[in-house]
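I have placed the structure first, in the form of structure tokens, so that the comments after it can refer back to it.
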Amino acid sequence: MLKLLVKTALISTLFIVSAQIAAQPKAHIKLGMSVALSGPASHIGQQLKQGHELYFNYANQQSDIEHPHIQLIALDDGYEPSRAVDNTQYLIRHQRIDALIGNMGTPTTHAIKEILKRHQLPLLMPYTGAEFLYQSPGFPIFKLRASYLDEAQEQVRYLVDELGHTKIALFIQADEFGLTLEKSHRQALKDKGIEPVVIARFRRNTNDVAKALTQILTTQATAIAMIGTYEPLAAFINQAHRGGFRGTYTSVSFVSSASLFADITVPAHVMVTEVLPDPNTCHGDICNLFRNLSKAHQQTMTYQSFEGFVNAYLFSKSLQHCDYTKLSACIATAMPHTLSTDKALQSLLNQQQKSTSQRPVFRSYLKY
């Protein structure tokens, strides 16, 4: 009888402990994001947000009780630095986020760097390849994408080594983004013994490209490296064709190649450097999962949404190497380990063309 009572008590205790464990809420992680959800660059921000949410929602629905719930708080900055500052301060003070992820843009990211230094808040996989993020920025950071210098070198290799261009103009957005890419392109061209024939600028968040076009058409340029968002770049190409230009164009991954190509209404030869393989044709577990989830949720597959998806995948997989209560202190150092050991990520990033950069650089083309 005594053995029966002890056994019954033990079972009851185990049941109570199990019920208490089951009743405990999962760990909760808050991530912030400041991107353009309105304005001329909103197509980029919306797709980045969509891609992050697609994977985080998938991860949150998995049955693993050990996996924390991840909440993404995305705020609209309209691709304006002052609004990015306001968003970051709000996310830190009122939402008490653990990290920023997928922030979009060089001028907006440059504007918040002092805030990140002061709070030592991790900045994870920003949608920019600006060089200042690769030179001891003073706050925790992890960068997945190739730098803009890597992209500039790939474009110059294409224009000079493969196509034989030597008279190359720069068409540049007049802000921190443009200055960063101007420096990168100048360096890449200098390495080939070439100087830009002209540097023409336009104002951010506008399609006012006429003055820059006139500057370039008065030169002997046969190729133009473009830096900006898709609307002004498409407007420039359309107007340049009407002005008689028949040369080659390049642009960096920030532009959103699909949107750029869709808005070009004239015959053009354009190459865009990309930081990930084409999500429509790439192979491997991550690509398959992205396509399946996008189809199930009736979402369009773009490079930007795929980049957000890969960011979220890498972040989620890196959590196994971190104490959730000290996430801000460890996540930026845990992610390189995950990147180097996760077979699905290695398979994805190894689908690259010949490249000498630390991170792979891919290409998209419009030729007609």
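Taking a spot 7 Å from the Cα of Q215 along the direction of its beta carbon, which residues of segment 166-180 have an amide N less than 18 Å from it? It comes to 167-180, nothing else. GNM on the chain, alpha-carbon springs under 10 angstrom: the most fluctuating residue among Q187, Q220, Q173 is Q220.
Think of the chain as a dipole: +1 on every Lys or Arg Cβ, -1 on every Asp or Glu Cβ, centred on the Cα centre; then among L121, F309, L181, L121 lies furthest on the positive end. Remark: segment 337-351, residue by residue, has Karplus-estimated 3J(HN,Hα) of 5, 4, 4, 7, 10, 7, 5, 5, 5, 5, 4, 5, 6, 7, 7 Hz, where x stands for each Gly or Pro and the curve is 6.51 cos²θ - 1.76 cosθ + 1.60 at θ = phi - 60°. Net length available on complete extension from Y365 to H94 is 93.2 nm, with 0.36 nm assigned per residue and the Cα-Cα distance removed. For segment 148-274, what class follows from the C-alpha gyration tensor (a ≥ b ≥ c being the square roots of its eigenvalues): rounded when a/c is under 1.5, otherwise prolate if a/b is larger than b/c, else oblate? Rounded, since a/c falls under 1.5.
Rounded to the nearest 500, what is the 222 nm mean residue ellipticity of the chain from helices alone, with -39500 (n - 2.57) per DSSP H run of 4+ residues and division by all residues?
Working: 14 runs with 169 residues, N = 368.
That calculation yields -14500 deg cm²/dmol at 222 nm.
Set the Förster distance to 25 Å, then compute FRET efficiency between S42 and R291 from the Cβ-Cβ distance, nearest 0.05.
Numbers: r = 24 Å, r/R0 = 0.97.
Efficiency computed from Cβ-Cβ geometry: 0.55.
Taking Cα atoms only, the orientation of helix 42-60 departs from the longest principal axis of the chain by about 20 degrees.
For the chain, what is the accessible area per residue in Å² when the probe is 1.4 Å? Before the final figure, lay out the partial values.
Numbers: 16280 Å² over 368 residues.
Per-residue accessible area for the chain comes out at 44 Å².
May I ask you to give the percent of accessible area on the chain that is carbon plus sulfur, with a probe radius of 1.4 Å? Ligands and nucleic acids excluded, carbon and sulfur reach 51 percent.
Sum up the charges of everything whose Cβ sits under 12 Å from the Cβ of Q299, counting Lys and Arg as +1 and Asp and Glu as -1, but leave Q299 out. Spell out each step's value before the answer.
Numbers: positive: K49, R291, K295; negative: E53.
Net charge in that neighbourhood comes out at +2.
With N counted as the residues of the chain, its alpha-carbon radius of gyration over 2.2 N^0.38 Å works out to 1.13.
Just how large is the dipole of the chain about the Cα centre, in debye to the nearest 20, putting +1 at every Lys and Arg Cβ and -1 at every Asp and Glu Cβ? Could the numbers behind the result be given before it?
Numbers: 34 positive and 29 negative charges, 67 e Å.
I would put it at about 320 debye.
For the pair segment 45-91 and segment 149-216, the centres of their Cα atoms are 33 angstrom apart.
For S364, the shell of other residues with beta-carbons less than 14 Å away shows a net charge of -3, using +1 for Lys and Arg and -1 for Asp and Glu.
Rounded to the nearest 20 Debye, what is the dipole magnitude of segment 148-274 about its Cα centre when Lys and Arg each give +1 and Asp and Glu each give -1 at the C-beta?
So the dipole magnitude of segment 148-274 works out to roughly 480 debye.
Find how much the distance from K167 to Q71 grows on full extension, using 0.36 nm per residue of separation minus their present alpha carbon separation; answer in nm with one decimal. Intermediate results must be reported in sequence, preceding the final value.
Details: separation 96, 0.36 × 96 = 34.56 nm, distance 4.92 nm.
So the chain would gain 29.6 nm between K167 and Q71.
Among Q351, Q62, Q304, the largest mean-square fluctuation in a Gaussian network model of the chain (Cα springs under 10 Å) belongs to Q62.
The angle between the Cα long axis of helix 230-242 and the main principal axis of the chain comes to about 20°, on a 0 to 90 degree scale.
Placing pseudo-labels 7 Å out from each Cα toward the beta carbon at S347 and V266 gives an inter-label distance of 4.5 nm. Seen from Q135, the other residues with C-beta closer than 14 Å to its C-beta sum to a net charge of +3, counting Lys and Arg as +1 and Asp and Glu as -1.
The values are calculated or read from the model by the stated rules, or taken from the named source; none is laboratory data. As the structure is a computational prediction, the values presented were derived from the model and not from experiment. Positions of Cβ are generated from backbone atoms using ideal geometry, with glycine treated the same way; all protein chains shown enter the neighbour counts. Quick note on the areas: whole protein, heavy atoms, side chains included, nothing else; ligands and nucleic acids left out. Shrake-Rupley method; radii C 1.70, N 1.55, O 1.52, S 1.80 Å.
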